[in-house]
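See below for the structure under consideration.
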Amino acid sequence: MNFDVIIIGAGVTGAAIARELSHYRLKVLLLEKEACPAFGVSKSAVGIIESGVQNTPGSLKGKLCVEGNRILREELDRELSLGFKRRGQLITSFSEADTERLKIIKFEGEALGIPGAEIVGRDWMDEKEPGLSAEVKAALFCPTAGTVNPYIFILSLLESALANGAELKVDSKVSGVRRCSDGLFEVSAGRIKYLSRFIVNAAGFFADEISALAGIKDFKIARLTGEGYVLDGKPGCAVKSILSRLPSGDPGEATVAETSEGRISVGPGAWHKADEEDPAAAERRKEEILRAAGRLFPSLSEKGVNVSFSCPRPECGDDFIVLYGDNVPGFINVAGLRSSGLTAAPAVAVKVRKILGSHGLDMNLRNNFISLSAVSPCDFKILSEENPKGADGCAVRRGGTVPARAEEDAWPARELLKAA
Ligand SMILES: Cc1cc2nc3c(=O)[nH]c(=O)nc-3n(C[C@H](O)[C@H](O)[C@H](O)COP(=O)(O)OP(=O)(O)OC[C@H]3O[C@@H](n4cnc5c(N)ncnc54)[C@H](O)[C@@H]3O)c2cc1C
């Protein structure tokens, strides 16, 4: 089977790339090792579409977050009916000195292209965020941030890609990448071999292993984890924005947000190596994070924890990697999306499309691009080559069955399961 592009990994990054490429007359294949898309890091995402603030000026991550946020708000929300809730992001300061730091962060955010950022004082907060602690002196408000349901986002990207000619094979773990004599790549997944001109490696935690299969060994993925919590009941304190405190080195720092399902999510706190975990330390971290959330919103202190989850992320250096393999032409690494990947994915996809175009892939627009609203919900369980009857995990868009093989720590899936 011959393809123009094989994408390895159907997390949010692979899904966004597949959809972007499906606008063009290309043969695109997405290979996913799990029985269902979005079962890597993407399954833990809270669903915050960040403004892009607090990224280093000039960083690739910063640029891609700001642009990803814009694409989602201005294009994908409408095209995929995502129900993006624009909430704004509020970074709070508890002291005069921190307010001065906020001004620098605002300036850096503006340099990254974040629109509408403003420093707000108590009057603004009392009106817009009345549950916020009286200890908060000022805040930086970035209005473009908001929330989506991460599963609906990822599955809608995929459904749109599939409706426009891309193919997806789940239960298809890539175990080999070989260059053939005619210059094509041969990709082995299970017993099946696929041929392709280009490979995009979007394998999350395993991106270093896939890259090494192709002969590029210049980065290593580390596994860090943190803890997050979904609180009991409805948000009585009406958390309106996505809130965090200016980083101070305090291990209990937490982001507090109302998810698209109307629950309060808190965390994750400080990141640490998973193998250092012990139950007493985990309990301490939980107390620290919940205390930090209570410092922002005193009424949260009274709420219990409904779901706890640990949330690993792939770490490899300070910035995202979106890189064409000059020594392995045709191979593109997209790696190290340890945080903000849900936000950045639409812009990552555009960057990958441009890289492919500049390296000889003909980009002829499809003149009959099918809108998602014209497509029936897709049953992802039928997409496994080796297991055509489908695994017990399946997913359909909006209102149907949701991933049934969600792991214990994948709280969004658990919440959706309860609702289904
Ligand atoms: C707790 C938590 C909350 C987060 N919340 C947010 C948020 O609110 N907003 C935000 O913007 N970002 C958030 N992030 C970050 C975001 O979730 C990640 O940046 C993003 O999901 C990374 O997506 P990915 O597609 O690169 O990786 P993944 O989702 O890990 O996708 C990689 C895929 O590759 C597959 N794969 C691996 N090896 C192979 C192989 N050999 N063959 C075939 N397939 C393979 C995996 O199964 C997986 O499906 C959060 C992260 C965490 C940990």
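Beyond 43 Å, how much of the Cα-Cα pair distribution for the chain remains, as a whole percent? Tail fraction, whole percent: 11. Rounded to the nearest whole Hz, the Karplus-based 3J(HN,Hα) values (6.51 cos²θ - 1.76 cosθ + 1.60, θ = phi - 60°) of segment 357-364 follow the sequence x, 7, 10, x, 7, 5, 10, 9, with x at glycine and proline.
For the chain, the residue among Pro150, Gly360, Ser241 whose Cα projects farthest onto the positive side of the dipole built from Cβ charges is Gly360.
Helix 12-21 and the longest principal axis of the Cα set of the chain meet at an angle near 50°. Please compute the Kirkwood hydrodynamic radius over segment 142-267, one decimal place, Å, based on all pairs of different Cα atoms. Hydrodynamic radius (Kirkwood, Cα only) of segment 142-267 equals 18.8 Å.
At 222 nm, what helix-only mean residue ellipticity would the chain give, in deg cm²/dmol to the nearest 500, using -39500 (n - 2.57) for each DSSP H run of four or more? Can you show the working numbers first?
Values: 9 runs with 113 residues, N = 420.
Dividing the helical sum by the residues of the chain leaves -8500 deg cm²/dmol.
Taken one residue at a time, the phi angles of segment 161-173 give Karplus couplings (6.51, -1.76, 1.60, θ = phi - 60°) of 4, 5, 5, 10, x, 5, 10, 10, 10, 8, 6, 10, 7 Hz. Gly and Pro are set to x. Short-range pairs are left out: with C-alpha atoms under 8 Å and at least six residues apart, the relative contact order of segment 1-92 is 21 percent.
Simple point charges give the picture: +1 on the Cβ of Lys and Arg, -1 on the Cβ of Asp and Glu, and for the chain a dipole about the Cα centre of about 940 debye.
Assigning unit charges at the beta carbon (Lys, Arg +1; Asp, Glu -1) and nothing else, what dipole magnitude in debye, to the nearest 20, does segment 86-221 show about its Cα centre? Intermediate results must be reported in sequence, preceding the final value.
Numbers: 17 positive and 19 negative charges, 160 e Å.
Using Cβ point charges on Lys, Arg, Asp and Glu, segment 86-221 gives about 760 debye.
For segment 23-152, what is the Kirkwood estimate of the hydrodynamic radius, computed as the reciprocal of the mean inverse distance between distinct Cα atoms, to one decimal in Å? After inverting the mean inverse Cα-Cα distance, the result is 16.7 Å.
For segment 53-58, backbone phi angles converted through the Karplus equation (6.51, -1.76, 1.60; θ = phi - 60°) give residue-by-residue couplings of 5, 6, 9, 5, x, x Hz, Gly and Pro being listed as x. Here is the list for segment 130-185: GluC sites (Glu not before Pro) lying in DSSP coil, each with at most 14 other C-beta atoms within 10 angstrom of its C-beta, are Glu135.
Values in this text are rule-based calculations from the coordinates and carry no lab data. These numbers were taken from a predicted model, which means no experiment stands behind them. Don't worry about glycine lacking a Cβ; one is built from the backbone with ideal geometry, like all the others, and counts go over all protein chains shown.
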